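J.: Have a look at this one.
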Amino acid sequence: MTTTRASVPRRREAPTIRQVAAVAGVSRATASRVINGGHLVSAQAREAVEAAIAELGFTPNPVARSLATRRTGSVALVVPEPNSRLLTDPFFGGIINGLSLALEESDLQMVLLIARPGPSVARAARYLTTGHVDGAVVASHHRDDELNHILVDSGLPCVFIGRPLDVETEHYVDMDNTLGARMATEHLLARGCRRVATIAGPPDMTAGVDRLVGWREALLAAGRPADLVEYGDFTTRGGAVATANLLDAHPDIDALFVASDLMAYGALTELASRGLSVPDDVAVFGFDDLGVAETTDPPLTSVAQPVSEMAEQAGRMIQELLAGHEPTVEPVLFQARLALRESA
């Protein structure tokens with residue numbers, strides 16, 4: 001009888017700290033403390049982790065060892081986006097401000113690291129996992145970002161701003177994007193709009209997914225079809241192009257829920273170029289309320305996103321991880337609030 005290759009169990013050549021934690025029945029943070037020589041671990045947990053290490057043949061990543069004996073005094077803010085987005089999207093200004101303020105409490109320095117798709121990911125991974133920083137906060141991440149997996153598997157203390165779609169972790173802060181989108185769409189329906197379309201965010205990001213879900217929930221609850229969807233990339237140009245596509249296919253649209261204020265700004269520009277009045281012809285509702293909304297013509301109604309507060313909370317969470325224990329709070333979900341202005 002022959003045995004096919006597929007029937008032979010295969011084990012990963014390089015076990016991760018997450019696998020050690022799973023086999024030991026403890027959290028990843030507890031496994032990390034045992035591996036790095038921490039003291040805040042029960043004897044039972046230590047024995048379980050040591051047994052799992054032996055069973056899996058786990059070899060600690062060099063950064064995990066170094067964190068136990070030396071600190072750099074710095075935390076990386078990792079942004080996996082092009083430079084142009086960092087410089088033009090006020091979301092990132094709020095993140096930088098909130099995180100830097102939180103880290104000052106512990107005399108930690110924030111290091112900005114832009115990890116664009118491509119070769120820069122490998123460079124960023126080497127930098128982050130070879131002892132140059134004590135921990136990382138990752139913002140604006142995408143599904144299947146390779147760097148997300150590398151950071152979590154390395155054992156480097158890491159907190160995400162926005163619920164990650166591709167890694168298992170409780171170390172993140174987010175806002176209730178679904179509720180915010182649902183509230184915005186319900187507002188448009190309440191003012192009498194009947195053909196409410198949406199410009200959704202990227203489908204590989206939490207914000208894009210959840211805001212689309214909220215829009216769809218509100219329409220279906222009202223007995224309306226939820227089929228008027230175009231996707232954008234959270235940029236002004238992306239919003240303008242998506243608006244043009246929607247209007248070309250559905251000229252009877254009388255409202256737009258747009259998943260970011262920058263895209264909503266692009267939508268207002270496209271509507272004006274076609275001679276359509278806002279809100280009389282088409283009402284427009286954005287998402288973020290980070291400064292852009294107050295400068296558009298007309299001023300933009302938006303879902304307020306507390307970005308600075310979210311970044312501050314992420315900063316406190318990374319400080320607790322660096323102190324060698326689990327954060328005292330579970331994943332934090334900030335509530336949505338509507339900022340009503342002339343566009344809706």
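J.: Between helix 236-249 and the chain, what is the angle of the helix's C-alpha long axis to the longest principal axis, kept within 0 to 90° and rounded to the nearest 10?
T.: Taking Cα atoms only, the helix is inclined about 50 degrees.
J.: Moving to a separate point now. Please report D297, D227 as a ranked list, fewest other C-beta atoms within 10 angstrom at the top and most at the bottom.
T.: D227, D297
J.: Any chance you could give the angle, 0 to 90 degrees and rounded to 10, that helix 307-322 forms with the longest Cα principal axis of the chain?
T.: Long axis of 307-322 versus the principal axis of the chain: about 0 degrees.
J.: Turning to a different aspect of this structure: Take the alpha-carbon positions of the stretch 127-260, form their convex hull, and give its projected area averaged over all directions (one quarter of the hull surface) in nm².
T.: Computed as one quarter of the Cα hull surface, the answer is 9.1 nm².
J.: Can you put S154, S84 in order, fewest other beta carbons within 10 Å first?
T.: Fewest-to-most ranking of S154, S84: S84, S154.
J.: Quick one: helix 206-221 against the long Cα principal axis of the chain, what's the angle to the nearest 10°, folded into 0 to 90?
T.: Rounded to the nearest ten degrees, it is 50.
J.: Moving on. Counting only other residues whose beta carbon sits under 15 Å from that of D145, what net charge do I get with K and R as +1, D and E as -1?
T.: -2
J.: Fewest to most neighbouring Cβ within 10 Å: what's the order for M175, M183?
T.: Listed from fewest to most nearby Cβ atoms, that is M183, M175.
J.: Now for a separate question. Compute the Rg/Rh shape ratio of the stretch 113-161: radius of gyration over Kirkwood radius, all on alpha-carbon atoms.
T.: 0.90
J.: Same structure, new question: Can you say what percent of the DSSP beta bridges in the chain, counting only those with both residues inside, are antiparallel? Round to 5.
T.: Given both bridge residues lie in the chain, the antiparallel proportion sits at roughly 10 percent.
J.: Can you order the peptides 254-262, 98-106, 49-57 by their average number of other Cβ atoms within 10 Å per residue, highest first?
T.: Peptide ranking by packing, descending: 254-262, 98-106, 49-57.
J.: Go ahead and estimate [θ] at 222 nm for the chain from helices alone: -39,500 (n - 2.57) per DSSP H run with n ≥ 4, summed, over the residue count, rounded to 500.
T.: Rounded to the nearest 500, it is -13500 deg cm²/dmol.
J.: Considering the alpha-carbon set of the chain alone, what are its Rg and its Dmax in angstrom?
T.: Looking at the chain, its Cα Rg and Dmax stand at 23.0, 77 Å.
J.: On alpha-carbon atoms, Rg over Rh for the stretch 236-290 using Kirkwood Rh?
T.: Radius of gyration over Kirkwood radius for the stretch 236-290 works out to 0.93.
A short reminder: the numbers here are calculations on the coordinates, not readings from a lab. Not measured: the values here are computed from a predicted model. Here the Cβ is made from the backbone with ideal geometry for all residues, glycine too, and neighbour counts use every protein chain on show.
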